[in-house]
């Protein structure tokens, strides 16, 4: 707990250090360390497209508990997060955070269950008798339980392990049999490291689980006060992700320039993987489908994972160019 508090306080101090008097300052909090989910942001920054819109954009590392609290409190204007974690934050009778998703970074859910091929986990029912590691949340438990039981397996036999590992690949090779990952990063990393894997794609397994992850979330009060500034920001960001779609290798080089600690081969292969998935079948990059968005929140509410049924609330496409 002390570690989390220190990280949170340091992040707040960094944010407080940004010039509050700058009317065009926009603080964007990442969800994790820089990776190909964030490429469009770094492209827009590196190409000067934020500056062209008269914006001073600061990309900030998140506290351990993620970006939503900072964005919801107004300590940052925007952040990267996920539909599944936004739901509990906004679906409350009291104390709901003022958050609105303004763009889907990836058009369809690319997360799922990864295991080594030799484990024989080809279907959710195969998790019975296995060690499954993921984030310790009510959503994960409910989701895995439903998937396993619908597939004819016994959820009581799944050994659910809280995710304390920082490296999913090391965990698979030592302590666990399966782990929830984002294929564009951890899945590609497994292949880069020569591992033979199985991957159960949640979005294609069940249409209700094709939720939006990750998204760009904004402070709702900021959007209402500065709609034109938000539109200028989204114009530049959209250019950044469209550039990554058209020129994945150059976009990857820009990401590597800003995060030189990343593995080059992983970044390049991940960027090519996401090239066709950022927009996919959406009419434009970033657009969120209301039926799919609301369908997932209805699924969460019906399983007791949301306090209130917010339906299609919590997102808007109006700031996209």
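Any read-out appearing in this document is the output of simple, stated calculations on the displayed coordinates, not a laboratory observation. Bear in mind the structure is a predicted one, so any value in this text is a computation, not a measurement. Note that we place each Cβ from the backbone using ideal geometry, even for glycine, and neighbour counts take in every protein chain shown.
Tabulated data for the structure shown
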read-out	value
Cβ-based exposure ranking for 308, 29, in which fewest neighbours within 10 Å come first	308, 29
Gyration tensor (alpha-carbon) shape descriptor, the range 192-302, a/c threshold 1.5	oblate
GNM top mover of 39, 85, 220 - the chain, alpha-carbon springs below 10 Å	85
Cβ-Cβ FRET estimate between residue 307 and residue 259, R0 fixed at 51 Å, reported to 0.05	0.85
The range 150-204 shape via C-alpha gyration tensor axes, a/c threshold 1.5	oblate
Using a Förster distance of 30 Å, the FRET efficiency for residue 51-residue 282 (Cβ separation, nearest 0.05)	0.65
Order of 94, 38 under a 10 Å beta carbon neighbour criterion, fewest first	94, 38
Label-point separation in nm, residue 154 to residue 174, each point 7 Å along Cα→Cβ	3.1
Of 123, 270, 107, the one that fluctuates the most in a GNM where the chain has Cα springs shorter than 10 Å	123
Neighbour-count order for 28, 237, 43, 69, fewest beta carbons within 10 angstrom listed first	69, 28, 43, 237
